[in-house]
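Let me begin by presenting the structure, written as structure tokens, before commenting on it.
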Amino acid sequence: MRVFVLNKNGKPLMPTFPVIARLLLKEKKAKVVRKTPFTIKLLYETTEYTQPITAGMDTGSAMVGCAAISGNRVLYQSEIILRNDIKDKMTQRRQYRRTRRTRKLRYREPRFDNRGKEGKIAPSLRSKIESHIREKNFVESILPVTKWIVELASFDIHKITNPIVEGIDYQNGKQKGFYNVKQYVLSRDNYTCQYCSGKSKDNVLECHHIVFRKNKGTDTPTNLINLCKTCHQDLHAKYTQDTFPIHGIKSRTKHPTEMGIIKSQIKKSNWNFTETFGYETKYKREQVLKIPKTHSNDAIVICCNDYQVIQPDDTIYVKRHVAVGDYQQTTGKRSEKKIPTGKLFGLRKFDLIKTIKGIGFVKGKRSSGYFVICDIFNKTISNSVKVKTECVRLQARKTTIVQLTRRNSSTV
């Protein structure tokens, strides 16, 4: 484990050992600026000599791995859990707006400047792209990185859905000759309701998502079937996704599609890096380093050359990006507002607290004073922790919560 060091002007220097950092703090030659990862700032003038540091990143749509090495030493390694709650939160905000328009305030100024912009990226994807850049900026803020190597994956979406496709078959897909997906689905299902087999007197046909869009269902033809309007409404009114009589499988192309967009956006940024590929990472991990596959291990492998042997460090910083704050419905110019001070017994959601039942993040709050705490992976540690008298807050909520873990032991 290393202690990261900043000079008097906040510029990163080479990390040091904990014992040296302890002596500097004891002699009041440095001060603590961050606890996780532990970072100190020197209070006296020093030289700015540094050694070459190579940083690597294993990009992803669910989790990102990052590492930095110098020589044969691993200085930093982390795994970042990306957000998947953007769509649900935007749906909640949209419901707040509609409620206010219909019940609380008749007039509202139209806002259409944010609609239909060319090249606009979905908020859920934009969050994932920004998470990659955020981790890159953080590593550069604690280490004098001299070179970046990034693995950007490429996927053949057509090959994933149809493994035997080749040559001219790429131009002769199933939807060739149809104006849109709906027309293809109607023709494929012979313009007949797939639930009542045309027995209903309703002649209006609608496309139904087998896996609901709120459950990560897509608009691909394999996830769509024809239902008449009567059957469609009756099924949605009577059943939920778990008890729905029509079942399907989730898309296998969601993450590859997202990775394609992430790759293109990272390349468009001002990030100066060397690109590498998955097959190179796999070869070095299995044949050179001979270490198990994890996101942080892949990031270490990305930093290495073909003959460089490095033993991964036991310390891994697991990070999770969370929302800035909670929301509640209100009146006024906007239908919702952030609650930066929405505390209960002096605590907010995702505050890190120490209790008699363990150390964890606040997951749920109750007015009775008994809270739910969880680890960084959202796994519940305890459903009922008394916070009135048996709790110490270790860290306030941030947009990036961090937890130090050991490779072969429990979380610390």
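Here, each number is a calculation from the coordinates, and none is a lab measurement. These figures come from a predicted structure and were not determined experimentally. Using ideal geometry, Cβ is built from the backbone for each residue, glycine included, and neighbour counts are taken over all protein chains shown.
Points to keep in mind about this one:
- Summarising the label geometry, the points placed 7 Å from Cα in the beta-carbon direction at LYS176 and ILE121 lie 3.3 nm from one another.
- Estimated dipole of the chain in Debye, rounded to 20 [Cβ of Lys and Arg +1, of Asp and Glu -1, Cα centre]: 2540 debye
- Only one residue of PRO256, THR294, LEU125 has its Cα farthest out toward the positive end of the dipole of the chain, where Lys and Arg carry +1 and Asp and Glu -1 on Cβ, and that residue is LEU125.
- Comparing SER131, SER384, SER269 in a Gaussian network model of the chain where C-alpha atoms under 10 Å apart are linked, the largest mean-square fluctuation is found at SER269.
- D (Stokes-Einstein, µm²/s), Kirkwood Cα radius, the chain, 0.692 mPa s at 37 °C: 129 µm²/s
- Cα gyration tensor shape for the range 176-251, rounded if a/c is under 1.5, else prolate or oblate: oblate
- Peptide ranges 143-153, 177-187 listed from the most packed, as the mean C-beta count within 10 angstrom indicates: 143-153, 177-187
- Chain lengthening between ASN383 and LYS357 when straightened (0.36 nm per residue, less Cα-Cα): 8.4 nm
- Positive dipole terminus of the chain, leading residue within VAL204, ALA396, CYS303 (C-beta point charges): ALA396
- Working ranking of peptides 28-39, 353-364 by packing, defined as the average number of other Cβ atoms within 10 Å per residue, highest first, is 353-364, 28-39.
- Net dipole in debye of the range 176-251 [+1 Lys, Arg Cβ; -1 Asp, Glu Cβ; about Cα centre; nearest 20]: 140 debye
- By average C-beta atoms within 10 angstrom, highest first, the peptides 80-92, 219-231: 219-231, 80-92
- Links that overshoot a 21 Å alpha carbon limit, given the list LYS89/LYS363; LYS176/LYS229; LYS8/LYS319; LYS147/LYS267; LYS174/LYS263; LYS11/LYS147: LYS176/LYS229; LYS8/LYS319; LYS174/LYS263
- Cα→Cβ-extended label distance, 7 Å offset, between LYS87 and MET14, nm: 4.9 nm
- About the Cα centre, charge dipole magnitude for the range 341-402 (Lys/Arg +1, Asp/Glu -1 at Cβ), debye: 160 debye
- Treating r as the C-beta distance of GLU140 and GLU286 and R0 as 45 Å, the FRET efficiency rounds to 0.90.
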